[in-house]
1. What do you reckon, how do LYS251, LYS230 stack up by accessible area (1.4 Å probe), largest on top?
2. Please report the Cα spread of segment 727-822 along all three principal axes, rounded to whole Å, starting with the longest.
3. In the calculated pair distance distribution of segment 274-414, what percentage of Cα-Cα distances lie above 18 Å?
4. Taking the Cα centre of the chain as the origin, how large is its charge dipole in debye, to the nearest 20, when only Lys and Arg (+1) and Asp and Glu (-1) carry charge on their Cβ atoms?
5. Starting from the Cα-Cα distance between THR62 and ARG659, subtract it from 0.36 nm times their residue separation and give me the gain in nm to one decimal.
6. Roughly how tilted is helix 441-462, in degrees to the nearest 10 and between 0 and 90, from the longest Cα axis of the chain?
7. How big is segment 49-195 by Rg and Dmax over its Cα atoms, in Å?
8. Quantify, in whole percent, the carbon and sulfur part of the accessible surface of segment 663-729 (1.4 Å probe; protein heavy atoms only).
Amino acid sequence: MLLTRLALFLRLVLTPFGAVIAFVESLFERYGMIPTRLALRVRIITLILLLALIVGGIWSYTRLQVEYLPSVDFPLVTVVTFYPGASPDTVLEDVTIPIEKILQEQEDVKLVQSTSALNLSVVSAEFAFGTDTAAIEEAVQGEVDQLQLPPPVGTPNVGRLNFEQFPVLQVSARSNLPPEELQTIVERDILPRLREVPGVESADIPANAGGKGVISRTNGQPSLTIDVVKGADDNTVQVVNAALAELDDIKAGLPADIQFTEISNQGPEIQDSIDSLGREVALGAFLAILVILGFLLSVRPTFVTGISIPASLLAGIIVMNLQGMSLNVVTLGALAIAAGRVVDDSIVVMENIYRHIQDGEDRLHAAFEGTKEVALPITIATMTTIAVFAPLGFIGGIVSEFFLPFALVITYALLASLLVALTAVPVLASLLIKRHATDTAEEVLSRRIIRIYTPLITWALGHRLYTILGAILLFAGSMSLLANIPIGFLPGSVQNVLSIEIDTPPTTSPDVVAGYLNEAEAQLEELRLAGDVEAYTSQVGGGFGFGGPGGGLTTINMSARLAEDVDALAMSDRLQEAFSGPDRTVFIEQAQGGGPPAGGLEVRLISEDYLRLIEASDRLIGPVAELDGVINVRSDAIEISGSNPLGAAFIPITRIDGRRTVTISGVITAQDTRAVSAEIDRIVDEVGLPPGVERETGGVFSDIQEVFTQMVIAMGIGAVLVYAVMFVAQRSFITPMIILIAVPLAFTGAITALFLTGRALSLPGLMGLLMLIGLVVTNAVVLIAFVDQVRGRGARIRDALIQGGQARIRPILMTALTTSFVLLPLALEEGQSSGIIGAELATVIIGGLMTSTVLTLVVIPVVYRLLRRENRELPDTPLTGRQGVAPAGGTE
């Protein structure tokens, strides 16, 4: 009764939209079949256009830019100012505070963070994603230029973070020549030629190269690092390969003593990721074809249905090329996901045409009528799948920045698949599908499936209470598993490279630092000669450069590229033990690959009393460092006495939003980030904080909170949009409610699949849940549409439900299994090979489809039977295939 009253209320509220709905329906009835009718009239031209689409898609694929990730403008603006001879307090008062005020007054600013150190001010502001940071940068530069700063202060340098400004290739030029001579050769003979390579935006050496006290070595030899940055619209792999080829040519004209060593190269990582995903798309498509063949047991119907996979994906690639999108792990992952869904519409159309032909109809007539019967249901199903992605366009944040291209690519492919199903499939079916005089193997298999299904649906309709209670218990049981599923942000992406930092006290002499460096290099050289390390670099000293504030003259920064078969974690432990000593602190971690940081621990302590901040840091850092799954824990607090004889006046001052801050940071290696956060909360509660000290959570913890909030909002909006699409098409309030029952049924399987596989629920998994809202209603839409058509011919509800299930069980099973098998290669990937969009998303979708498919065929009919009354007038829509004829005894 509650649903009935709610439906009556909604009908009253939305009555003014009735004319619009009727107009949309009339348009579909009048023009919706024009593509099919036209395609069947000019079948040869249709096939030529299909072939042209495939050829055009292949050509467009070769033209796409190849990147690791979509181009993302991270909303971070930084102002760096040098103030020679100034203490941190003077830097703060004269430079940092005025610049902080300018940044805090900018629109959409989220956080302003600053560091005032000896001779240096660094102020950065984080804005909401989607903010025009180029305009912000220009505005900030204009206001900073108006500041009246003391004469010794250098010109403030305003910049913004953009991954396109990061080097795609770093090469070390090493030699035993004097450093000055080597630098001259690099600047005169190497850099100019690299800058002429097509696609190279810049080729430079660090600004601090050759500075006093600066040490830069590769494999123990003096060296200079060359950073190669590509243009924004150029292909990373092509630029890297061209730059390496140019270096080979350059080397022939250089002194024999000069050697080149690759430090980092994005090309192979990108190419390997693209190749891996490409293989998974191809394998998944092949498995989908096998599933279709297994149901149809005939090559011709399989070909007619399977053509939608390459045609739809290549059509999507054509649109990608026209829009200037790149081929990356996100867009290629979208194509892999879409490969499972694009065949669904064609399966439904093909199966219906096949049934008409076997009933003895003329093939051309059967192609048109079979398509017409299911045209509106598959259109609704496609539109609902697309509708769930709409919230990604306006919820903002990192979700929109990274996954909007994902949503767009799937949308292009799905729209293409709908067009293929309404045009190419009926044309090919009219030419290739024939009527069989005797029962085929496919028909025998179909009858066997129906014989298994009929007793099940009959029992469920006769035991509605048990069926509903069983579904509720399954859903509740799966939700209880959430407490045992790890929660994360993004799957990590790391390289087989170790980043090493050796910190020594501020008063350590250059000779002692050099001695520590020689010891470390000796260890790495032994590993290089043994084949465990391919190359290593070392640096002491450096100011603010490309990577941010560099280490001082008492900090050693090293990088070791390991051989492919070397375990990075085991090597990290080995080097940690070898490099550690009483007067130095060693931090070693695996270098991150492409993508946003996925495991950064950050605990902020805030107070105006620095001594209490030090006390709070001392209380927390020990217990946090002992947590399982947390490494490289450090604090930026500096003791005022003891190890820091220079005194409090020279301690860098770090502030967040104008308040002094000490940050405890580290790297989370555990899969369950939520558990680490809970442990830190426990530690804070146990040890307590000094009076006046506050704690804020940053890093990956705040990222997870923001992302989960955004995705919950997106799911809610997506569900509303799906309901709205079905309401407009069906002119019914209750029918969309019945169909949306499939969503919690899908979540049951998704959560269970994550639990059984031990995978985390992170951003890709949440994206999978969002996709399920659109995917799982597809089968329910087609099922309920056919049931309404049967009822429209006078059948009772129970008989219509059984007949509808019998008629739709094969296409429903086919669509679910083809989608699942397409995603199976992605779901089986482990570790880094699964990429940002991979195993978790595929696991969620496969698990959701399995439970929703089985339960849709059983639970949805039971809910329909409970909410629909016998002999009520059906809505007058193309879905029913009739005008309402029964007396209106019930309410919608």
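The values are calculated or read from the model by the stated rules, or taken from the named source; none is laboratory data. Note that the structure is predicted; figures quoted are calculated from it, not measured. No Cβ is skipped: glycine too gets one built from the backbone with ideal geometry, and neighbour counts run over all protein chains shown. Accessible surface is based on the protein model in full, side chains and every heavy atom, while ligands, DNA and RNA are left aside. Shrake-Rupley method; radii C 1.70, N 1.55, O 1.52, S 1.80 Å.
1. LYS251, LYS230
2. So the three principal-axis extents are 50, 27, 20 Å.
3. That fraction is 61 percent.
4. 6020
5. Fully extending the segment from THR62 to ARG659 adds 209.7 nm.
6. Its long axis makes an angle of about 90 degrees.
7. 22.2, 72
8. The nonpolar share, carbon plus sulfur, comes to 60 percent.
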